[in-house]
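The values are calculated or read from the model by the stated rules, or taken from the named source; none is laboratory data. Predicted, not measured: the structure shown is a model, and the values here were computed from it. Here the Cβ positions follow ideal geometry from the backbone for every residue, glycine too, while neighbour counts run over all protein chains shown.
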Amino acid sequence: MGEERRGYLYGLAAYVMWGFFPIYFKMLQPSPPLEILSHRVVWSVLFISLILTAMRNWRFLGRLLRDARLLGGVSLAAVLIGVNWATYIYGVNSDRVVETALGYFITPLVVVLLGVTVQRERLRVWQWIAVGIGALAVGVLTVDYGHLPYIALILAASFGSYSLVKKRLALPPAEGLFVESAVLAVPALVYLGWLNLNDKAEFGHNGAGHIALMVVSGVATAVPLLMFAAAANRVPMVGIGILQYVAPILQLACGVLIFHEPLPPARLAGFGLVWIALVIFTVDALTGARTRRTGARTRGTAADPAAATAEPATTLPPR
């Protein structure tokens, strides 16, 4: 099996796991969202610690602690992913799985807007059209819900911002997840201690199955992220961009088909506009990638007739 095909399998596995997260988090009830989030953070730290110990890779902590800017960036990323996780768990356990799916559908459009406003990137015409249709979709859904779909918007804004911060930090996935979870672990442990002192904790009072599911939440958090990292190293970004729609499609299916959440015509129309925007966005990305490849081949041919078809040279380390 080729590396790219293996990468697609890793990526598909990661997004399928994320797609069925609503079922998993529903099973963690009657624990409230903040208790679930706190256990997810604590068990993630422990699980990633085992991985890093097995890899004998703790040297990154010294570099992190000596770099105040990097430490601040990781702390910001931790807050953003904490907000994202908390909002998602709240949405799932308040019977709004469909709205959480909407959040991850519109995340690519939010990332594009962040590229314009923060990175000072310039959008192509079709990208602006996709963003405009996405904004219209939010308007239609606001009328349908009677209020802004704030769960979807918080999910999209927090994850989009988190992606931007992570891109700038460029930390490896296991190390990044460990540090982010470790930052969140302090308030998580304080909150869990408060719950236990006041006899408000559900953990330990709902049978062995509930305890096991809460403990496994750390593994369920880390494994798809590590699989995604393995995919990102093997699959072109356009391929990753297409794979990312697998998770919200499955989440939407869970909400409608398993949890029987309503999807009235107006809401369906709003989702339809989002899908049109995503089709435009994806086609434009594919066209742009093809144009860049063609341009690269043309430049290579002009410089060297064999360069357009030659494989990249292997760089050998100095002796």
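Among the criteria (1) in contact with a Phe, Trp or Tyr (Cβ under 9 Å, 6 or more places away or on another chain); (2) not in a helix (DSSP H, G or I), the one L109 does not fulfil is (2). Looking at the stretch 1-92, the helices (runs of 4 or more DSSP H) lying wholly inside it that each contain 3 or more residues that are surrounded by fewer than 20 Cβ atoms within 10 Å (Cβ to Cβ) and without any contact (Cβ under 8 Å) to a residue 12 or more places away in the chain sit at 33-55, 60-66. A count restricted to the stretch 236-256 and to residues that are hydrophobic (A, V, I, L, M, F, W, C) and either modelled with pLDDT under 75 or within 21 Å of V45 (Cβ to Cβ) (or both) stands at 3. Does at least one position in the stretch 243-251 carry a residue that is more than 19 Å from the chain's Cα centre (by Cα), outside any helix (DSSP H, G or I) and among the polar types (S, T, N, Q)? No; the residues of the stretch 243-251 include none that is more than 19 Å from the chain's Cα centre (by Cα), outside any helix (DSSP H, G or I) and among the polar types (S, T, N, Q).
One line per residue, one yes/no per condition, for (1) basic (K, R); (2) surrounded by fewer than 18 Cβ atoms within 10 Å (Cβ to Cβ); (3) modelled with pLDDT of 95 or more:
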residue: N196; (1), (2), (3): no, yes, no
residue: H205; (1), (2), (3): no, yes, no
residue: A208; (1), (2), (3): no, yes, no
residue: T221; (1), (2), (3): no, no, no
residue: F228; (1), (2), (3): no, no, no
residue: A231; (1), (2), (3): no, no, no
residue: R234; (1), (2), (3): yes, no, no
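Conditions tested, residue by residue: (1) surrounded by 16 or more Cβ atoms within 10 Å (Cβ to Cβ); (2) in contact with a strand residue (DSSP E or B) (Cβ under 7 Å, 6 or more places away or on another chain); (3) more than 14 Å from F281 (Cα to Cα).
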position	(1), (2), (3)
L113	yes, no, no
V116	no, no, yes
E121	no, no, yes
G132	no, no, no
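Quick check, is E180 modelled with pLDDT under 85 and in a helix (DSSP H, G or I)? It is false that E180 is modelled with pLDDT under 85 and in a helix (DSSP H, G or I). All of G115, G72 fail the test of being small (G, A, S), more than 24 Å from V246 (Cβ to Cβ) and out of contact with any Lys or Arg (no Cβ under 8 Å at 6 or more places or on another chain), apart from G72.
Scanning the stretch 196-214 for residues that are touching a residue at least 12 places away in the same chain (Cβ under 8 Å) and over 21 Å from the mean Cα position of the chain (by Cα) yields A201, E202, F203, N206, H210, L213.
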